[in-house]
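FYI, it's all coordinate maths here, none of it is from the lab. Note that this is a predicted model, so its numbers are computed, not measured. Neighbour counts run over all protein chains shown; Cβ positions are idealised from the backbone, glycine included.
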Amino acid sequence: MDAVHLIKATRHALAECESVEEIVAESWQVQALAGAIGSHLAAYGPQSVRSEALGLSEAGTQARRSGTGSGMRISESREARADRLSQIQDPKCALSDLSGLLAETGVALVLVAVTAREEGLYWQCIEAIDAADESEDRVSGILRRLEAHEHGPAA
């Protein structure tokens, strides 16, 4: 499945969350998707973005492992949507959409964190916010490199 379609499905799932646990679980779905997009671009993207894409892959994978250990993980009955990624038809569009999704995830997590009554939930949200921020930074770096690749060296 194309990255843009998976991002839209994940955005919809995040918007449909009705509980704190669902929001946190969806944040890890977003991280898994960011990691998968990074892996795909590291393997098949333009040479100029491969090292940045590898960094996104590692950030997403590391965050996914953290989320799995937190107890607020992608349930075993629900696979990670990211596992269905098979192509990225338009890398700039996919990365731009992913950046927006990461920002939306961060906002949702901040809202959960500020209303958290349990310290453990608060810290899980902070960890997920940090992961989303790191991934968003990496996505921005890849987008800058794609722009530079398209426009060639500065004159």
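General observations
- Region 53-61 - phi-based ³J(HN,Hα) in whole Hz, Karplus 6.51/-1.76/1.60, Gly and Pro as x: 5, 4, x, 5, 4, 5, 5, x, 5
- Helical contribution to [θ] at 222 nm, DSSP H n ≥ 4, -39,500 (n - 2.57), averaged over the chain, rounded to 500: -26500 deg cm²/dmol
- With a Förster radius of 30 Å applied to the C-beta separation of residue 19 and residue 43, the computed FRET efficiency comes to 0.25.
- When +1 charges are put on Lys and Arg Cβ atoms and -1 charges on Asp and Glu Cβ atoms, the dipole computed for region 3-151 relative to its Cα centre reaches about 440 debye.
- Taking label positions 7 Å along the Cα-Cβ direction at both residue 137 and residue 103, the computed distance is 1.8 nm, reported to one decimal.
- Under the criterion of Cα pairs below 8 Å and six or more residues apart, the relative contact order for region 3-151 equals 31 percent.
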